[in-house]
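Structure first, then comments.
The values are calculated or read from the model by the stated rules, or taken from the named source; none is laboratory data. Since the model is a prediction, treat every value here as computed from it, not as a measurement. Cβ coordinates were reconstructed from backbone atoms using ideal geometry, including for glycine residues, and neighbour counts include every protein chain displayed. Quick note on the areas: whole protein, heavy atoms, side chains included, nothing else; ligands and nucleic acids left out. Shrake-Rupley method; radii C 1.70, N 1.55, O 1.52, S 1.80 Å.
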Amino acid sequence: MLLTTGMGVGKTQARQRAYLERLRAADLAGLGFGTGFSFRSVPRALAEAADRAAFPIFEVPYDVPFIAITEAVFTRLVAEQYDLLSRSLESEHTLTRAVLEGRGIDGVMEALIAVTLGWALLVDLHGRVISAAPSSARHRAGSVWTELQSPRAESQRFSLTVVDGGHHIAIQPVTAQGRVEAFLAVGKRDVLTQFDRIVSSHALALLALELAKQRAVSDAERRLKGDLLDQILKGTLAPGEGRQAMERLGFDLARPVAAALFAGTESPETLATACEEVLARQTTAFLALPRADVVIAVLQPEGPGFLAPLRESIAARSAGAVMAGGGSLVPFERLVQGLREARYALQLCRSDGRLQAEFADLGTYQLLLSLQDPDALRTFADSVLTPLDQYDGLHGTELVSSLRAFLERNARWESAAKDLFVHRHTLRYRMRKVEELTGRTLSSARDRMEFFLALRARDLIASADGLDGRRDVSGRSSRGGRPSERERAGTRRKRPGGR
């Protein structure tokens, strides 16, 4: 509001009207016109222009000092600020009581809408609703998440104000210990006031404390469950102690358990968090442990076929692709066997490009798993493949990998040679050398089956050693490679015409 003695108004009607337009352009709230100086009363042209523009003008008599008006205005402003402060403090106490009474996040949200007379929504970093007050506010999660993903939200540390469906909405991040944990949206039909923003800021602090508390409890539970699963797998717990610990965590060991392994593009720790979030919504009893490049989970599904929907739910919470291998449902005493099955199933996913596989999908592997002893598998595989390993080591050839490609291509020479990037005559030479070294013939279905099972056994051994994918037990890569000088010489000797 401007107070003036009229010195800058101008003497002509055009100047006076222009003066008023400048005030309106500057977004002034009104004009106090002091009389008895340049004008005895408010100029008529100025008053008429103000009436047409609905711009407030009031006359200030000569004997009323301007400071009296400013004092009255500031007294009113201070009173309004004091009232705002008093209401804010009272509302903050209401929100704080919700925390002290143990009502948690839902209690804070309910107290927030009670004082702002609007609605509030708390969503996690994936857009899923953590809490909504009232519950009907859940349907706004989609539009709030869309705004959070818009170009305007350049980072997670921002405050965003939008109008959606006739509601004014303020969206802010909830930050705990320097990390964004969630987003709070507060909305109402009326424009959000300074009081609403002050109370919302206090709610942000309380919600950050509650989320940090939940994370601390979750981290402690995760460590305890991880330590328990680690001890069970290592066999450091007596069977009775393991059963008691599992039952304390809610497992019903009268029912079978299942092991599942998950691997993805994210770190095992991040994937374990997604796995726990999904399992916590689906069951009360589970264990999850990040180990090496996978996440190991133990749960009690209703029956077979549990893996596909579980993997899909975990993948929906992850940034990249997720693969899963599941063991069969077994008694608790055979949990280690179930874990071995899950590992082999995950290995099958990696080698065959599948997203998930359960024990029932293992095919040939089920026959080999009947040995249940890695040493027995290794002995069987070595009895068939050791002559080839030794020859490859001495001459730098690739007999083992060539044999694998030949069998996987169903003994089709052209296809297998193409996979190995060698000529079909080179591949024929290699297969003759395989027959010569092992005393077996590839034209025999029985001998081909022995070769196939031996290679599968190698896959299982590699999986058990660390889930590093298909590899030669000698540590060499199983590349197809170019033919060695010896192979090229042998091929030339066998080739008619010597071209």
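Sorting 266, 71 on solvent-accessible area from highest to lowest, probe radius 1.4 Å, gives 71, 266. Taking a temperature of 37 °C and a viscosity of 0.692 mPa s, what whole-number D in µm²/s does Stokes-Einstein yield for segment 1-60 with Rh from Kirkwood over alpha carbon pairs? Estimated via Stokes-Einstein, D reaches 293 µm²/s. Pairs of C-alpha atoms in segment 270-412 farther apart than 20 Å represent 57 percent of all such pairs.
Where Rh denotes the Kirkwood radius from the mean inverse Cα pair distance, what is Rg over Rh for segment 183-337? The partial results should precede the final answer.
Numbers: Rg = 19.5 Å, Rh = 17.6 Å.
The Rg/Rh ratio comes out at 1.11.
Protein heavy-atom accessible surface, 1.4 Å probe, per residue over segment 172-289: 48 Å². Rolling a 1.4 angstrom probe over segment 56-160 with all protein chains present gives an accessible area of which 58% lies on carbon and sulfur atoms.
Modelled label positions at residue 138 and residue 179, each set 7 Å beyond Cα in the direction of Cβ, lie 2.7 nm from each other. Partner lysines whose Cα lies under 24 Å from the Cα of residue 213, excluding those fewer than 8 positions away in the same chain, are identified as 225.
Farthest toward the positive end of the dipole of segment 390-431, out of 423, 393, 403, is the Cα of 423, where the dipole comes from beta carbon charges about the Cα centre. Per-residue ellipticity at 222 nm computed for the chain from its helices equals -17500 deg cm²/dmol, with DSSP H segments shorter than 4 residues left out and the rest contributing -39,500 (n - 2.57).
May I ask you to derive the FRET efficiency for residue 231 and residue 83 from their Cβ-Cβ distance with R0 = 60 Å, giving the value to the nearest 0.05? Present the calculation step by step, with values, prior to reporting the outcome.
Details: r = 62 Å, r/R0 = 1.03.
Here the calculated transfer efficiency is 0.45.
For segment 18-104, the residue among 19, 93, 29 whose Cα projects farthest onto the positive side of the dipole built from Cβ charges is 19. Taken as Cα centroids, segment 179-217 and segment 1-23 sit 47 Å apart, rounded to the nearest whole angstrom.
Using Stokes-Einstein with the Kirkwood hydrodynamic radius over Cα pairs, what translational diffusion coefficient do you get for segment 223-281 at 10 °C and a viscosity of 1.306 mPa s, in µm²/s rounded to a whole number? Mind showing how you got there, number by number?
Working: Rh = 13.1 Å.
For these conditions, the coefficient is 122 µm²/s.
Based on alpha-carbon atoms only, what is the radius of gyration of segment 278-326 relative to the globular estimate 2.2 N^0.38 Å?
Numbers: Rg = 10.8 Å, N = 49, 2.2 N^0.38 = 9.7 Å.
The reported ratio for this selection is 1.12.
What area, in nm² and to one decimal, does the C-alpha convex hull of segment 95-251 cast on average over all directions? The partial results should precede the final answer.
Details: hull surface 47.0 nm².
Mean projected area of the Cα convex hull: 11.8 nm².
Sorted largest first by accessible area at a 1.4 angstrom probe radius, with every protein chain in place, the residues 431, 449, 7 fall in the order 7, 449, 431.
Only protein heavy atoms count here; under a 1.4 Å probe, residue 273 has an accessible surface of about 50 Å². Per-residue accessible area (protein heavy atoms, 1.4 Å probe) orders 262, 74 as 74, 262, starting from the largest. Placing a pseudo-label 7 Å from each Cα along the Cα-to-Cβ vector at residue 25 and residue 421 gives an inter-label distance of 7.4 nm.
This model, with +1 at the C-beta of Lys and Arg and -1 at the C-beta of Asp and Glu, gives segment 1-90 a dipole about its Cα centre of some 560 debye. Accessible area per residue was computed with a 1.4 Å probe on protein heavy atoms; residue 213 scores about 110 Å².
With 18 Å as the cut-off, how large is the P(r) tail for segment 43-93, expressed as percent of Cα-Cα pairs?
On the way: 765 of 1275 pairs.
Above the 18 Å cut-off, segment 43-93 has 60 percent of its Cα pairs.
When the surface is traced with a 1.4 Å probe over the full set of protein chains, residue 27 keeps roughly 130 Å² accessible. Think of each Lys and Arg Cβ as +1 and each Asp and Glu Cβ as -1; about the Cα centre, that makes the dipole of segment 297-347 roughly 160 debye.
Report, to one decimal in Å, the Kirkwood hydrodynamic radius for segment 97-143 based on all distinct Cα pairs. Provide the component values of the computation, followed by the final result.
Details: mean 1/r = 0.0914 Å⁻¹.
For segment 97-143, inverting the mean 1/r across all distinct Cα pairs yields 10.9 Å.
Roughly how big is the chain's charge dipole about its Cα centre, with Cβ charges of +1 (Lys, Arg) and -1 (Asp, Glu), in debye to the nearest 20? Once rounded to the nearest 20, the dipole reads 2640 debye.
Quick one: with all protein chains in place, what share of the accessible area of segment 199-352 is carbon or sulfur, to the nearest percent (1.4 Å probe)?
On the way: 3520 of 6610 Å².
Exposed carbon and sulfur together represent 53 percent of the surface.
Matching the structure-derived semi-axes √(5λ) of the Cα gyration tensor in Å against the labelled list [x] 61, 25, 20; [y] 78, 32, 15; [z] 38, 30, 19 gives the label [y].
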